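Presented below is the structure to which this report refers.
Any read-out appearing in this document is the output of simple, stated calculations on the displayed coordinates, not a laboratory observation. Nothing here was measured: the structure is a model prediction, and the numbers come from that model. Cβ atoms come from the backbone with ideal geometry, glycine included; neighbour counts cover every protein chain shown.
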Amino acid sequence: MLLRLRFALLISCFWSAASAAMGDYAAHPAALALMDELVEEQDFDREQLRVVFSGAQRQESILTAISRPAEKSKPWYQYREIFLNDKRLDQGVQFFHEHRAALERAERETGVPAEIIVAIIGVETSYGRIMGSYRVIDALSTLAFDYPRRSEFFTAELKNYLILTRQQGFDPLALKGSYAGAMGYGQFMPSSYLNYAVDFDGDGVEDIWNNPTDAIGSVANYFRGHGWRKGETVVVPATVQGEVPEQWFVQGRNNLTPEHTVAQFAEAGVTAQQPLDPAALATAMKFQLRNGYEYWLGLHNFYVITRYNHSAMYAMSVYELSRRIAARIAR
């Protein structure tokens, strides 16, 4: 089955022009292979799948958007302005007060601070105001079948999407999300939905699109599932002495895992500005300001935030927004 799917993906590049002309994916070789897989492994109805893929539309704007993410090249002092502003703060405080009971229950049950949950939803969708306007079936089909660089990942997400829509009784042609297929208040990919979405209000449906209570519980469950440690420090400011080699600092998205201890960083010249366990593992970050840099040491819980989005600047934005929200909330 895997070899069949890989073969279909190899020839999909020859199909792109034809699929665009037809306007659907019902006869696309990789879609046919995925249909076979779903029928054989998950007992899907082939005709129903054909109807779904006949309704899926290739979207050129999705391919354009994913090739140039908006925040990719921004320095920290510009990137943070997207999220750390009065409007997003005010809306975050409002969201907290509107959903206080669900947030405080999520914190009690998972150990994830309510303000972190709010900040994630704020950074991802402006508290549900901007959840994406693309049909998820279009986004995932376009990227699975017409974006060879990441076709394997998006084919898996498309498969998960079809599983979750059947599981929950959702119309797979109706749900909307981002250009990458991320969904709901917290922008879960389908695999994250299957692994971490919860029915937090007990109505029998795990609805992260229309039910903020379910979304809150699901975000908290995501962090718990990735190892959030209740009450532990997230990140602390640091100072730098001497010439510290660049390899000591986070570089991009691929070296976010804490591998050096606080003591080792201190020996290299990166010193925490508040007391920490010298044996604790950390990552060092160097963020560009308009004039100069600021330095931070991220601990285990900071790494957990990066599991939501593999970016140190993203995680720092979430943390800073959460601190500002917490400072405004009387608890």
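Structure summary
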{"item": "Potential lengthening between residue 39 and residue 73 on full extension [0.36 nm per residue; Cα-Cα distance subtracted]", "result": "8.0 nm"}
{"item": "Mean separation of Cα contacts under 8 Å, 6 or more apart, over the residue count of the chain: relative contact order %", "result": "17 percent"}
{"item": "Inter-label distance, nm, simple model (7 Å from Cα along the C-beta direction), residue 203/residue 64", "result": "3.7 nm"}
{"item": "Mean Cβ count within 10 Å, highest first, over the residues of peptides 272-279, 178-185", "result": "178-185, 272-279"}
{"item": "Built amide H within the under 5 Å cut-off of residue 188, gap 5+", "result": "183"}
{"item": "Extension reserve of the residue 264-residue 51 stretch, reckoned as 0.36 nm per residue once the Cα distance is removed", "result": "70.9 nm"}
{"item": "Inter-centroid distance (Cα atoms) of region 152-189 relative to region 239-282, Å", "result": "38 Å"}
{"item": "5 angstrom amide H check on residue 235, placed H, neighbours 5+ away", "result": "299"}
{"item": "FRET efficiency, residue 195 to residue 291 (Cβ-Cβ, R0 35 Å, nearest 0.05)", "result": "0.20"}
{"item": "Charge context of residue 296, other residues only, Cβ under 15 angstrom, K/R +1, D/E -1", "result": "+1"}
{"item": "Per-q log10 I(q)/I(0), region 235-298, q = 0.14, 0.23, 0.24, 0.25 Å⁻¹ (Debye; single scatterer per alpha-carbon; no solvent)", "result": "-0.35, -0.95, -1.04, -1.12"}
{"item": "Helix axis angle, 312-328 relative to the chain longest principal axis, alpha carbon, degrees", "result": "70 degrees"}
{"item": "Packing-based ranking, highest mean first, of 312-322, 122-132 given that Cβ atoms within 10 Å are counted", "result": "312-322, 122-132"}
{"item": "Förster-model FRET efficiency, 45 Å R0, residue 152 and residue 230, C-beta, rounded to 0.05", "result": "0.80"}
{"item": "Amide H partners (placed H, <5 Å) of residue 26, local residues excluded", "result": "54"}
{"item": "Ellipticity estimate at 222 nm from DSSP helix runs (n ≥ 4, -39,500 (n - 2.57)) divided over the chain, nearest 500", "result": "-15500 deg cm²/dmol"}
